[in-house]
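One structure below.
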Amino acid sequence: MSDERPLTDRQERFVIEYLATANGAEAARRAGYSEHTAKEMAWENLTKPYVRKAIDQKRSQLMADTEDKVAWLVERLTAEATDGDNNDSTRVRALEVLGKIHGAFAPEKTEVTTYSASFLADLDLDDTEPDLPPMEIPSENNDLQH
């Protein structure tokens, strides 16, 4: 089979879905292949050199697009941060976002709380409770006059 063979519409959808899910069977289902044959069709598509080449080319294109977008964003944020016509809060916010992009800040710490609990079924009914001093129960009749 040639590496230059054109993809069918379904194979093109499979390439896109495979890059989105990284799961061959799921990509095949989303591309319109039968639920019953999705796994086999995924394997078949992934073993075809021209489909693999299309996946690699599309992945490279997506990565280049992402890199271009990030470069544009950094350029715009740098311009905002250094523009003397902007107010201080705009420049500080642009610098803050640039710092986050470049990893200048430590990740935010989150507090994790765990609870240890028992179920009533786990309680041992044979355990005796510790001896507690007797409680005085006030008599309601003490205030009554005879």
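The values are calculated or read from the model by the stated rules, or taken from the named source; none is laboratory data. If you're wondering where the values come from, they're calculated on a predicted model, not measured in any experiment. Here the Cβ is made from the backbone with ideal geometry for all residues, glycine too, and neighbour counts use every protein chain on show.
Condition check ((1) of a type in the set (K, R); (2) at pLDDT below 95; (3) touching a strand residue (DSSP E or B) at 6+ places or on another chain (Cβ under 9 Å)) across all residues:
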position	(1), (2), (3)
R5	yes, yes, no
E40	no, no, no
M63	no, yes, no
D68	no, yes, no
A71	no, yes, no
T90	no, yes, no
L95	no, yes, no
A106	no, yes, no
Given (1) in a helix (DSSP H, G or I); (2) loosely packed, with under 10 Cβ neighbours inside 10 Å, number of the condition A106 does not satisfy: (1)
Among (1) outside any loop (DSSP other than H, G, I, E, B); (2) free of Cβ contacts under 8 Å to residues at least 12 places away in the same chain; (3) of a type in the set (S, T, Y); (4) farther than 30 Å from L98 by Cα - the single one S60 does not satisfy: (4)
For the list (1) over 25 Å from E4 (Cβ atoms); (2) of a type in the set (G, A, S); (3) surrounded by 13 or more Cβ atoms within 10 Å (Cβ to Cβ), I need the number of the one condition that A71 fails. (3)
Kindly list the number of the only condition in (1) exposed (fewer than 11 other Cβ atoms within 10 Å of the Cβ); (2) farther than 19 Å from L7 by Cα that fails for S60. (2)
For the stretch 16-52, what are the residues that are more than 27 Å from the chain's Cα centre (by Cα), surrounded by 14 or more Cβ atoms within 10 Å (Cβ to Cβ), in contact (Cβ under 8 Å) with a residue 12 or more places away in the chain and part of a helix (DSSP H, G or I)? M41, N45, Y50, V51
Note on N86: of the conditions (1) in a helix (DSSP H, G or I); (2) surrounded by 15 or more Cβ atoms within 10 Å (Cβ to Cβ), unmet is (1)
